[in-house]
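Read through the structure below, which is laid out as C-alpha cells, and then see the notes.
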Amino acid sequence: MRIGELASRTGVSVRSLRYYEDQGLLSSSRSVSGQRHYREEEVERVAFIQRLYAAGLSSRTIAQLLPCVDAPSEENSDAALERMAQERDRLSEHIADLIRTRDTLDAVMASARKHREGLRPAVVR
C-alpha cells in the first residue's frame with residue numbers, strides 16, 4: 001500500500017510516517033518512481049509505535065524496543081523490559097518534580113492571596 005493509504009488506515013499523518021521511517025521505526029520498499037510501498041503488517045506496527053509514543057517514549061527509545069518485536073527472544077524481551085522500566089522510573093521522577101513545582105506554586109498563590117487581603121481598605125463603621 002502507498003503512504004497515503006497507510007496514513008488513512010492508521011490515522012497518522014503522512015509526515016509522521018516519513019518521520020518514523022527516517023528514525024528507523026518503519027520501513028518501506030520503493031517503486032521505480034520512488035514511491036513508498038508498505039506491507040499490510042505495517043498497519044499494526046504503526047499502531048504499536050503510536051501506543052509507545054502515547055506512553056511518553058521518544059523515537060530513540062522506541063527504536064531500542066523494536067528488536068523485541070522484530071526478532072523476539074528472551075534476550076530482546078529482557079532488554080525491552082529493562083528499557084521500559086528505566087523510562088517508567090524517569091517518568092516517575094518527572095511526576096515527582098511536577099508535584100513539587102505545583103506545591104511551590106500553591107504556596108506562592110497562598111502568599112499572594114494573603115497579601116491581597118491586606119490591600120483591601122478597612123471597613124469603617
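Laboratory data are not the source of any read-out in this text; all were calculated from the coordinates shown. As the structure is a prediction and not an experimental result, all values here were calculated from the model. Don't worry about glycine lacking a Cβ; one is built from the backbone with ideal geometry, like all the others, and counts go over all protein chains shown.
Quick notes on this one:
- Estimated FRET transfer efficiency (A55, M109; beta-carbon r; R0 35 Å; 0.05): 0.65
- Computed over every Cα-Cα pair of the range 1-57 and binned at 10 Å starting from 0, the pair-distance distribution P(r) comes out as 23, 61, 14, 2 percent.
- Kirkwood hydrodynamic radius over Cα pairs of the range 84-125, then Stokes diffusion coefficient at 37 °C and 0.692 mPa s, in µm²/s: 251
- Rel. contact order, % - alpha carbon contacts under 8 angstrom, at least six apart, the chain: 17
- Put in order of Cβ neighbour count within 10 Å, fewest first, the listed residues L25, L105, L17 become L105, L25, L17.
- Across the chain, the fraction of Cα-Cα pairs farther apart than 24 Å, rounded to a whole number, is 52%.
- Fewest-first sequence of T61, T101 by Cβ atoms within 10 Å of each Cβ: T101, T61
- Shown here for the range 1-83: GluC sites (Glu not before Pro) in loop regions (DSSP other than H, G, I, E, B) with at most 14 other Cβ atoms within 10 Å, namely E40.
- In the range 25-124, the trypsin sites (Lys or Arg not before Pro) that fall in loop regions by DSSP, at most 14 other Cβ within 10 Å: R39
- Taking each DSSP H run with n ≥ 4 as -39500 (n - 2.57) and averaging over every residue of the chain yields -23000 deg cm²/dmol at 222 nm.
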